[in-house]
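The values are calculated or read from the model by the stated rules, or taken from the named source; none is laboratory data. What you are looking at is a predicted structure, and each value in this text was computed from that prediction instead of being measured. No Cβ is skipped: glycine too gets one built from the backbone with ideal geometry, and neighbour counts run over all protein chains shown. Quick note on the areas: whole protein, heavy atoms, side chains included, nothing else; ligands and nucleic acids left out. Shrake-Rupley method; radii C 1.70, N 1.55, O 1.52, S 1.80 Å.
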Amino acid sequence: MADRVTVIGWDGSPLTQAARSALSAATLVAGAAHHLALPEVPLRAERIRLGSVDLAARRIAGHRGSAVVLADGDPGFFGVVRTLRAPEHGLEVEVVPAVSSVATAFARAGMPWDDARIVVAHRRTLRRAVNVCRAHPKVAVLTSPGAGPAELALLLDGVHRTFVICEELGTTREQVTVLTSDKVADLVWRDPNVVIVIGGAGSLTAASGNGSGWIAGHEPGYPPELRGWALPPADPQAPPAGEGEYAGLRAAQLARLGPRVGDLVWDIGSGGGALAAEAARFGAAVIAVDADPDACRRSVTEARRLGVQLQVVQGRAPHVLERLPEPDVVRIGGGGVPVVTAVADRRPQRIVTHASTRDEAEAIGAALAAGGYDVECALLQAVELDTADWTERERTVVFLLCGRHPEPRA
C-alpha cells in the first residue's frame, strides 16, 4: 500500500529534474486535465482526474506503487498538501514546489504583494471574502466555480474597486484583464483565475507598494502616536458626543460586538463615525448608516484619520437597511424598538445597543428576545473627573443591551 506521495507544483514552467524523476517512477498520477496531458506523465501510470482531494487521497492510500499529485502553483499555499497530510489518510508527503498563482498574478500586475490580504472564495466563504475586499485596499482572491470575479463584483455592489483578473495562469490561454468592479459582472470568466482587488482608502499606496514593508498583510494606516481604543474625538470643536457615543459605552459595545476579519458590521446611527472606524481597525468591513448628512461627512473624515475603509450610507433606518448586504454584527445607535426589530429579522450574530431609561431598556430587551436572541443588559455609569482638583466634571448613566443569536451565521 502507498504511504508516500510526491506533490508537484506546476506553474507553466518546464518541470524540474526532481519533478521529472518523480513522474518517471510514478504508477499513479492525479491532477487536473491539463496536468494529466503533460508529456512527462508516464503512459503506463494509472490516472485520476482530480476533483475531490479526499477521494484521491483514499485511492492513493490504497494504491500499490508510487503516487504523484500534480497541482497548480505552490501546492502548500491554500493547496492540496493540507488535505493529503490529514491524519486519516496516513500519507507521508514530499513536495516539489512551484511559484504560487498569487505570486504570478501580482508579477503579471507588476505589484508587490507582501501587503496584500489573501483569501479563498468558495460558495460557502464568498460572503466573507467579499467583506475582506470591502475592508482592505489590496486583496488577492483565489476563486472557484460559482465564486468567481462576477460573483465578487455583484456582492460588492455600491463599493468601487479595481479588479485585476488573471485567467488560466501559466497556460497558453493566460489572460490578464483590468476592469472597474461595476463592469466585471457583465462578462464571463474562465476558471481557474486569481483576482486582485484594489481600492478604497490607501488604494494608491496599495497599488504602488509604498507601505511600511515590515510585516506581511495590510497594516491600518493610523498615525503611530495613536494608541488605544475608544479614544476621544480628534477635533476638539466637534459636536458634543451624545449618550450613545461616549468613550466608555463605545468600548463596551466594541467588546461585545467582537468585530473580526471577514465580518460585516452595521453601525446604525453612526454619528461621527467613531465606533464604525474603530470596528474597521479590527479588520472588519463596516457600513456606517446615518440620516444626517453632516454625520456622514464626519464618518468619512474619521475613517480617513484612522486609515481604514468605511462604506457610508445616508438614510433613515429601518427603511434604508433593506438594501444593505447581510451583517454579522450590528450596533444600533438610535431608532429604538422599530430598528431593533428590523435588524433582528436579518439575524446577525450580535446586536448591541443602548437605552437611557429602564422602560426603554425593557422594551428593547423584549424586542430582542422576540427575535430569538439571548439578552444581556447592564447599567453603565461613568464619572469623568477634573484631575486638577479631583472634582466631578461629567457623569453618564446608560443601559447597555446585547443580543446574542444562538445559531451562528454561516
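See the values below:
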item: Segment 339-358, subset in a helix (DSSP H, G or I) and within 19 Å of ALA317 (Cα to Cα), residue most open to solvent (accessible area, probe 1.4 Å); result: THR341
item: So ALA238, is it at pLDDT below 80, more than 24 Å from the chain's Cα centre (by Cα) and either farther than 30 Å from ARG350 by Cβ or not aromatic (Phe, Trp, Tyr) (or both); result: yes
item: Conditions (1) under 21 Å from LEU142 (Cα atoms); (2) in a strand (DSSP E or B); number of the one not met by GLY76; result: (2)
item: From the options ALA361, ALA369, ALA388, residue that is small (Gly, Ala, Ser) and surrounded by 17 or more Cβ atoms within 10 Å (Cβ to Cβ); result: ALA361
item: Any hit, segment 157-170, residues being basic (Lys, Arg) and either in contact with a His (Cβ under 8 Å, 6 or more places away or on another chain) or at pLDDT below 95 (or both); result: no
item: Every residue from segment 361-410 that is modelled with pLDDT under 90 and part of a loop (DSSP other than H, G, I, E, B); result: GLU407, PRO408, ARG409, ALA410
item: Residue check for VAL41: out of contact with any Pro (no Cβ under 9 Å at 6 or more places or on another chain), open to solvent by less than 70 Å² (accessible area, probe 1.4 Å), β-branched (Val, Ile, Thr) and modelled with pLDDT of 95 or more; result: yes
item: Residue within segment 61-72 that is charged (D, E, K, R), crowded, with 18+ Cβ neighbours inside 10 Å and modelled with pLDDT under 95 present; result: yes
item: Count - residues of segment 125-146 that are buried (at least 22 other Cβ atoms within 10 Å of the Cβ), of a type in the set (Gly, Ala, Ser) and over 9 Å from VAL197 (Cβ atoms); result: 2
item: Set ARG316, ARG281, ARG331: member being modelled with pLDDT of 95 or more, open to solvent by less than 40 Å² (accessible area, probe 1.4 Å) and among the basic types (Lys, Arg); result: ARG331
item: Candidates ARG108, ARG85, ARG58, ARG20, filtered to the one that is open to solvent by 40 Å² or more (accessible area, probe 1.4 Å), over 22 Å from GLY148 (Cβ atoms), modelled with pLDDT of 95 or more and basic (Lys, Arg); result: ARG20
item: Any chance VAL197 is modelled with pLDDT of 90 or more, within 24 Å of PRO325 (Cα to Cα) and either in contact with a strand residue (DSSP E or B) (Cβ under 6 Å, 6 or more places away or on another chain) or assigned to a loop (DSSP other than H, G, I, E, B) (or both); result: yes
item: Tally of residues being surrounded by 24 or more Cβ atoms within 10 Å (Cβ to Cβ) and closer than 27 Å to ARG124 by Cβ across segment 262-278; result: 5
item: Matching residues, segment 6-57, being assigned to a strand (DSSP E or B), of a type in the set (Val, Ile, Thr) and closer than 18 Å to PHE78 by Cα; result: THR6, VAL7, ILE8
item: Candidate set: segment 293-303, residues that are touching a residue at least 12 places away in the same chain (Cβ under 8 Å) and more than 20 Å from the chain's Cα centre (by Cα); chosen: the one surrounded by the fewest Cβ atoms within 10 Å (Cβ to Cβ); result: PRO293
item: Tally, over segment 391-410, of residues that are open to solvent by 90 Å² or more (accessible area, probe 1.4 Å) and either closer than 30 Å to LEU126 by Cα or within 33 Å of the chain's Cα centre (by Cα) (or both); result: 3
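Per-residue answers, yes or no, for (1) surrounded by fewer than 23 Cβ atoms within 10 Å (Cβ to Cβ); (2) in contact (Cβ under 8 Å) with a residue 40 or more places away in the chain; (3) over 21 Å from the mean Cα position of the chain (by Cα):
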residue: GLU92; (1), (2), (3): yes, yes, yes
residue: VAL96; (1), (2), (3): yes, yes, yes
residue: VAL102; (1), (2), (3): yes, yes, no
residue: PRO112; (1), (2), (3): yes, yes, no
residue: ARG123; (1), (2), (3): yes, no, no
residue: GLY148; (1), (2), (3): no, yes, no
residue: GLN175; (1), (2), (3): yes, no, yes
residue: ASP186; (1), (2), (3): yes, no, yes
